[in-house]
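Notes for the one structure printed next.
The values are calculated or read from the model by the stated rules, or taken from the named source; none is laboratory data. No experiment lies behind these values; they were computed from the predicted model shown. No Cβ is skipped: glycine too gets one built from the backbone with ideal geometry, and neighbour counts run over all protein chains shown.
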Amino acid sequence: MLEIKNLHVSVNNNKILKGLNLSVNKGEIHAIMGPNGSGKSTLAQVIAGRKEYKVNKGSIIYSNKKLLELSADERAKQGIFLAFQYPIEIPGISTTNFIKTAVNKIRESKGKKPLDAVSFLKVMKEKMKIVKINQTLLSRSINEGFSGGEKKRNEIFQMAMLDPKLAILDETDSGLDIDALKIVAKGVNKLKSKDNATIIITHYQRLLNYIIPDYVHVLIDGKIVKSGNKNLAQELEKKGYDWVRA
Amino acid sequence: MIKDFTSIKKNIFKETNSILKTKKTKVFNSLDNVLKTYKEEYKYSSLLRKVSKKFDILRVDSYKKKKNIDKKILNQYKNQYSIITINGLFQKNESKIPSGISVNTFDKLNNTDKKIFHKFFNNQDDSKNDIFTYINTINYKESLLIKIDKNYSKKNHINILNFIISNSGESINHIRKLIVSNQNSKSVFIEEFISLNSIENFSTSVTEIIQEKNSEIEYLIIQNDKNNFHFNSINISQKQNSISNCFTFSYSGAVVRNNLNIKLKEKNCYSNMYGFYALRKKSHVDNHTTVDHMDENSISNEHYKGIMDNNSNGVFNGKIFVRKKAQKTNAFQSNNNILLSDEAKINTKPQLEIWADDVKCSHGCTVGQLDKEAMFYLQSRGISKEKAISMLLGAFSEEIIEKIENQFAKQKIKKLTYKKLEDFTS
C-alpha cells in the first residue's frame with residue numbers, strides 16, 4: 001500500500017530525514033517511535049503533503065501512485081489521513097460545516113453524490129458515539145476553545161467520518177489523560193479493518209498497550225535504525241533510546 | 001491638474017429655494033479650507049485627480065426623460081420596503097414606504113417638516129471639510145427628508161436603492177438625503193448603489209442622520225458596482241441614549257471613498273462602526289471614519305476588516321476624538337487586513353486624540369497573509385486549495401457579518417460576501 005524508499009527531506013535547509021525506508025501493507029498497524037527531533041512528525045507531514053517540507057531524494061509510492069506528485073487535498077481524496085499532533089484552531093468555520101465539506105469533496109472525487117443534510121447527520125451521529133464527542137462541540141468553530149483531549153478526539157472523529165485507507169496518527173496520545181487515551185484507542189481499533197492501514201507515531205509505549213501494532217520501528221536521526229514486533233516497544237520503554245543508538 | 005473650482009458658483013444660481021441657496025453659498029465660501037484639507041485627507045487616494053481625468057466633475061447633468069427600471073431587477077426587492085432614487089431623484093411611485101416613516105423631497109414638504117429640514121439639513125455634514133461633500137452640497141438637485149416617527153419599531157428593513165441610469169456617455173450623479181430618527185424609534189436601512197449599464201459613472205452620496213433620544217438605527221451600505229467612481233459620506237449626530245450601528249461592505253468599484261462621521265453629542269450614546277472590504281484587480285477603496293465623543297459615558301466601537309488581491313488598494317483611517325467633557329468614554333478601534341498578492345496594498349492609520357483623563361481607549365491594526373497551517377489543515381481533509389482559501393476568507397468576514405442584528409440583512413450580506421469570496425482563489 002505504502003512504499004517509502006530512501007527518503008531525504010529538509011526544512012529550511014535543515015536535513016531532517018536522511019534515507020528513510022518503510023513499507024506498509026493493508027491491514028497492518030505500524031508504530032514509529034523515536035526521541036524528540038528524530039523526524040517522526042516530518043515523516044507524517046510529508047506523507048500528508050505539506051509543501052514546506054522539501055523532498056530532496058527518494059520516492060513514496062502509495063497504491064501504485066507517485067504520492068509526491070499529488071497535492072495535499074488529492075492525497076486526502078486517495079484515502080490518506082493525518083491526525084495532527086497540534087490541531088489548529090480556525091475561528092469562523094463551524095466544525096460540522098468543515099467536516100461536511102470535506103466528506104462531500106471526497107465523495108465528489110469518487111463520483112458519488114454529496115450527502116444531503118439528513119443522511120450526513122445520521123452518519124455523524126453514528127461516528128460521534130465512537131469517540132464520545134458531543135454535538136455542541138461540533139457546532140463550534142474548528143477546535144476553537146477545545147481542550148487538548150477534545151482536539152485529539154475531534155481528529156479521530158474526522159478520521160471516522162472520512163474513512164481513510166491509510167491513517168497516520170501523529171502523537172495522538174500526547175497530552176491525553178488515561179480515560180481520553182482509552183477512548184481514542186478504542187476509536188482507532190473500531191475503525192480498523194483488513195483493508196486499511198495505520199501508522200502510529202509516538203514517544204511512549206503507553207498507547208501501544210491499547211492499540212497493538214504489527215510492527216514497531218525506531219526512528220533516530222532521520223533513519224529507521226531498528227524494526228521489530230510489539231515487544232520492541234516494551235524493550236525500548238525499559239532501556240531507552242540510547243540502547244538502540246549504541 | 002484640476003480646473004478652477006470657483007466656477008462651481010454658477011451652479012448655485014440654479015437653486016430656486018432661497019434658504020437652500022443661502023446654505024449652498026455658505027458652503028461655497030469654504031472652498032479654501034476644503035482644498036487645503038484635501039491634501040492630508042486624501043493622501044492615499046488621489047480620487048480627485050482620477051475622477052477629474054475622466055469627468056467634468058463640476059458639471060450638473062439634466063435629466064428630462066423619465067427612466068424606467070427593469071422589472072426583473074425590482075422583483076428582487078419584491079415585498080420589501082424600498083425607497084428608490086434614479087440618478088439622485090426620488091421615485092415615489094416605485095417606492096414602498098411603511099407607515100410611520102415619511103419620505104419626501106424638499107419642495108413637497110409640509111410646513112412642519114420644512115422646519116425640521118431647515119433645522120438639521122446641512123448642519124452635520126462634512127461639506128466644509130471634504131471636497132466631495134462640498135461638490136455634492138452645491139450640485140445636488142433634490143434633497144430628500146426621511147422622517148422616522150416616534151416609537152417606530154417595525155422589524156422589517158427598508159432598502160434605499162439608488163439606481164444610476166445613463167442613456168449615453170458617462171454620467172455624474174449627486175444623491176442627497178437627511179434622515180431624522182425620532183425618539184424611541186428603531187429602524188433598519190440597507191442602502192445600495194446600482195448602476196444599470198456598464199458605462200463609467202461618478203456619483204456622490206451624502207447622508208445626514210439625526211438621532212433623537214433613545215433612538216436606534218442600523219444602517220448598512222453595500223457597494224458592489226464594477227466601474228463606479230463613488231464617494232459616500234454618512235454623517236450621524238446622536239443624542240442621549242441613542243444607538244447607531246453602521247456597516248459598510250465594499251466588494252468592487254474603480255475608486256470608492258467612504259467618509260463616516262459620528263458625533264456623540266450627549267451622554268450615554270453607543271456607536272458601532274463595522275466595515276468589510278474585499279478587493280480585486282485594480283479596485284481602490286478608502287474608508288475614513290471619525291468619531292467625536294462630546295459628552296460623558298459614551299461607547300464607540302469600530303472594527304474594519306479587509307482582503308486585498310491582485311493590484312488592489314485599501315485605505316483605512318480611523319480617528320477618535322475624546323473631548324475634555326467626555327469623561328468615562330470607552331472607545332475601541334481595530335483594523336485587520338489580509339493581503340493575497342505581492343502587489344496588493346493597504347494603508348492603515350489609526351488616530352486618537354484624547355483631552356479627557358478618565359477614559360478607556362484602544363486602537364490597533366494588523367496586516368497579514370492567509371494562515372499556512374490552517375490552509376494545510378483544510379487541504380489535508382480533501383478540500384481543494386481554492387475552496388480552502390474561500391473558506392478561510394469567509395471565516396475572516398464572519399466576525400463582521402455576525403454583528404448585523406437584522407436577520408434578513410445578515411443573510412443577504414452573508415450570501416453576497418461568500419459569493420464574492422469565491423473569486424479570491426489566486
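One residue stands out among those in region B:294-303 that are outside any loop (DSSP other than H, G, I, E, B) and without any contact (Cβ under 8 Å) to a residue 60 or more places away in the chain: the one that is farthest from residue B:331 (Cα to Cα), which is B:302. A count restricted to region B:1-41 and to residues that are without any contact (Cβ under 8 Å) to a residue 40 or more places away in the chain and either of a type in the set (Asp, Glu) or not in a helix (DSSP H, G or I) (or both) stands at 7. Can you confirm whether region B:20-35 contains a residue that is exposed (fewer than 13 other Cβ atoms within 10 Å of the Cβ) and within 22 Å of the chain's Cα centre (by Cα)? No, there is no match, as no residue in region B:20-35 is exposed (fewer than 13 other Cβ atoms within 10 Å of the Cβ) and within 22 Å of the chain's Cα centre (by Cα).
The C-beta contact set for region A:87-112 (first residue of a type in the set (D, E, K, R), second residue surrounded by 20 or more Cβ atoms within 10 Å (Cβ to Cβ), distance under 6 angstrom, 6+ apart or interchain) comprises A:89/A:143; A:105/B:382; A:105/B:383.
Residues that are away from every other protein chain (no Cβ under 13 Å) and of a type in the set (Phe, Trp, Tyr) within region A:36-94 comprise just one, A:62. Every condition in (1) crowded, with 21+ Cβ neighbours inside 10 Å; (2) in contact (Cβ under 8 Å) with a residue 40 or more places away in the chain holds for residue A:72 except the one numbered (2). Summed over region B:187-203, residues that are closer than 17 Å to residue B:162 by Cα, modelled with pLDDT of 95 or more and either buried (at least 22 other Cβ atoms within 10 Å of the Cβ) or β-branched (Val, Ile, Thr) (or both) total 4. On the stretch given as region B:339-359, residues that are surrounded by fewer than 17 Cβ atoms within 10 Å (Cβ to Cβ) and over 17 Å from residue B:292 (Cβ atoms) total 7. Basic (Lys, Arg), buried (at least 16 other Cβ atoms within 10 Å of the Cβ) and under 24 Å from residue B:286 (Cα atoms): does that describe residue B:319? Against the criterion (basic (Lys, Arg), buried (at least 16 other Cβ atoms within 10 Å of the Cβ) and under 24 Å from residue B:286 (Cα atoms)), residue B:319 qualifies. Show me the helices (runs of 4 or more DSSP H) found entirely inside region B:360-426 where at least 3 residues are more than 14 Å from chain A (Cβ to nearest Cβ) and surrounded by fewer than 21 Cβ atoms within 10 Å (Cβ to Cβ). So the answer is B:407-421. Just to be sure before I move on: is residue A:36 closer than 29 Å to residue A:240 by Cβ, in a loop (DSSP other than H, G, I, E, B) and either touching a residue at least 24 places away in the same chain (Cβ under 8 Å) or among the charged types (D, E, K, R) (or both) in the structure I sent? Taking the combined requirement at face value, the residue satisfies it. So residue A:141 passes all but one of these: (1) under 21 Å from the mean Cα position of the chain (by Cα); (2) within 14 Å of chain B (Cβ to nearest Cβ); (3) of a type in the set (Ser, Thr, Tyr). Which condition number does it fail? Exception for residue A:141: condition (1). Where strands (runs of 3 or more DSSP E) fall wholly inside region B:174-242, no range has 3 or more residues that are touching a Gly at 6+ places or on another chain (Cβ under 6 Å) and among the basic types (Lys, Arg). Only one entry of B:349, B:281, B:267 meets the criterion of being assigned to a loop (DSSP other than H, G, I, E, B), out of contact with any helix residue (DSSP H, G or I) (no Cβ under 7 Å at 6 or more places or on another chain), of a type in the set (D, E, K, R) and modelled with pLDDT under 95, and that entry is B:281. For residue B:356, indicate whether it is part of a helix (DSSP H, G or I) and more than 27 Å from the chain's Cα centre (by Cα). No; evaluated as a whole, the condition is false for this residue.
Residue A:199 fulfils the conditions (1) modelled with pLDDT of 90 or more; (2) of a type in the set (Val, Ile, Thr); (3) more than 24 Å from residue A:235 (Cβ to Cβ) except for a single criterion, (3). Restricting the search to region B:233-246, which residues are surrounded by 24 or more Cβ atoms within 10 Å (Cβ to Cβ) and within 24 Å of residue B:411 (Cα to Cα)? Within region B:233-246, B:234, B:244 meet the criteria.
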